[in-house]
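Since the structure comes first, as structure tokens, the remarks are kept for the end.
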Amino acid sequence: MSTDIKTLFKNHTIFHKKDASLPRIYVDGCYDMFHWGHANVIRQACAAFDYKCVLVLGICDNPIIEKHKGPTVMTEEERNLAVQSCQWVDEVVDGINIWDTDINMMKFFHINYVVHGDDISMNTVTGKNSYQEIIDAGMLKLVPRTDGVSSTDLIYRMMHSESKEHWCGLKHANLSVEKLRMFSSTKKERTKDDKIVYIDGSFDMLHAGHYELFRKAKELGTYLVVGVFDDETVNGYKGKNYPILNLGERVVGLLACRYVDDVIIGAPKGVTKEMIERMKISCVVHGKCENGIGKNFYSDAVDMGVYKEVDSGKTLTSDEIIERVKEREKLFEARNAKKIR
């Protein structure tokens with residue numbers, strides 16, 4: 001059985017080695033353009049066990065996704081890096097080449113329960129429930145689907161640059177104390193011995209470049225604080241209907257990241273000497289600047305010797321994500337007519 005099962009996926013990576021007595025929980029999906037709604041399903045899966053579990057995340061490969069849903073926006077590498085950066089994920093099984101969740105594969109990974117949102121997932125080829133084997137085994141647990149955000153909705157926002165309704169939160173997510181609590185309850189508390197690293201930006205549609213930047217920034221200290229600009233500030237320098245995700249959505253997305261310890265909501269653009277001293281910042285990080293553009297906002301940090309530019313090693317940008325979507329607009333229109341998994 002082991003040999004056959006191993007042909008169904010590419011890699012099994014363990015990020016946190018936990019007590020073997022803990023229940024092993026499995027969550028799977030495509031996780032294209034990984035957003036806070038995806039992260040919330042993962043969080044809810046852990047919360048159902050009071051965060052005392054091992055969260056194993058399965059992620060499909062591109063060919064099987066294209067067969068059932070159409071082409072992805074992100075590459076496999078980009079999707080894998082995004083889920084690996086989620087704070088509640090302990091293990092990742094990537095490159096899964098089957099659509100239906102397989103009971104024998106669950107046994108192979110010693111899974112106790114499979115968690116999925118309460119929206120039905122169907123196999124578009126067979127017309128059957130993608131989790132039928134898991135249901136029959138009594139292993140499926142459902143959690144509420146996160147309202148107000150979906151990959152389909154994000155694609156709509158990107159393809160309709162005149163639409164700005166997502167800023168006001170009438171149809172989309174509003175930031176609340178409860179949401180902040182849910183996404184930050186497992187974060188570590190800052191101590192007097194922590195070395196504070198600070199980075200700011202819009203951080204719209206978090207992607208591989210952001211996650212790698214956060215990972216490298218965190219390595220420069222022990223506690224990473226991210227300052228995120230409000231919607232008006234972002235729109236002021238990017239125009240159109242940017243940001244694609246409103247401030248609240250961007251905040252909870254950042255809190256879901258394992259490298260981020262705290263978030264400054266509606267942060268000022270750049271840092272001052274007073275801010276550095278008050279927050280006891282040891283290092284101010286900025287992504288690689290082209291021709292020094294943007295560096296003028298960090299002159300105090302430069303003068304104090306705490307400014308550092310970090311190259312994420314990735315060239316992906318939010319603008320490129322939107323261009324990918326626009327290039328495949330007709331394909332996505334066909335995809336979005338199907339039932340979202």
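Can you spot a residue in the range 74-83 that is under 18 Å from the mean Cα position of the chain (by Cα), hydrophobic (A, V, I, L, M, F, W, C), under 30 Å from L316 (Cβ atoms) and part of a strand (DSSP E or B)?
no
For the range 261-274, does any single residue satisfy the condition of being modelled with pLDDT of 95 or more, over 22 Å from R190 (Cβ atoms) and either in contact with a Gly (Cβ under 6 Å, 6 or more places away or on another chain) or among the polar types (S, T, N, Q) (or both)?
Looking through the range 261-274, none of the residues is modelled with pLDDT of 95 or more, over 22 Å from R190 (Cβ atoms) and either in contact with a Gly (Cβ under 6 Å, 6 or more places away or on another chain) or among the polar types (S, T, N, Q) (or both).
Tally up the residues in the range 268-280 that are surrounded by fewer than 20 Cβ atoms within 10 Å (Cβ to Cβ) and outside any helix (DSSP H, G or I), please.
5
Kindly evaluate T146 against the criterion of being farther than 25 Å from A47 by Cβ, touching a helix residue (DSSP H, G or I) at 6+ places or on another chain (Cβ under 6 Å) and in a loop (DSSP other than H, G, I, E, B).
no
Mind checking whether some residue in the range 54-65 is at pLDDT below 95 and out of contact with any His (no Cβ under 6 Å at 6 or more places or on another chain)?
yes
Going by the structure shown, is V325 among the hydrophobic types (A, V, I, L, M, F, W, C), more than 24 Å from S176 (Cα to Cα) and out of contact with any Pro (no Cβ under 7 Å at 6 or more places or on another chain)?
Against the criterion (among the hydrophobic types (A, V, I, L, M, F, W, C), more than 24 Å from S176 (Cα to Cα) and out of contact with any Pro (no Cβ under 7 Å at 6 or more places or on another chain)), V325 qualifies.
Give me a count of the residues in the range 207-241 that are part of a loop (DSSP other than H, G, I, E, B) and either in contact with a Phe, Trp or Tyr (Cβ under 7 Å, 6 or more places away or on another chain) or without any contact (Cβ under 8 Å) to a residue 60 or more places away in the chain (or both).
Selection size over the range 207-241: 5.
If you take the residues of the range 81-94 that are more than 19 Å from V115 (Cα to Cα) and not hydroxyl-bearing (S, T, Y), which of them is surrounded by the most Cβ atoms within 10 Å (Cβ to Cβ)?
Ranking the qualifying residues of the range 81-94, first place goes to A82.
Check V114, V54 and return the single one that is touching a residue at least 40 places away in the same chain (Cβ under 8 Å) and hydrophobic (A, V, I, L, M, F, W, C).
V114
Only residues that are touching a residue at least 60 places away in the same chain (Cβ under 8 Å) and part of a helix (DSSP H, G or I): list them for the range 242-261, please.
Matches in the range 242-261: L247, G248, E249, V251, V252, G253, L255.
Can you name every one of the strands (runs of 3 or more DSSP E) wholly within the range 1-69 that holds 2 or more residues which are surrounded by fewer than 23 Cβ atoms within 10 Å (Cβ to Cβ) and of a type in the set (S, T, N, Q)?
Filter on the range 1-69 gives 11-14.
The values are calculated or read from the model by the stated rules, or taken from the named source; none is laboratory data. Computed from a prediction, not measured in an experiment: that's the story for all the values here. Backbone-built Cβ (ideal geometry, glycine too); neighbour counts: all protein chains shown.
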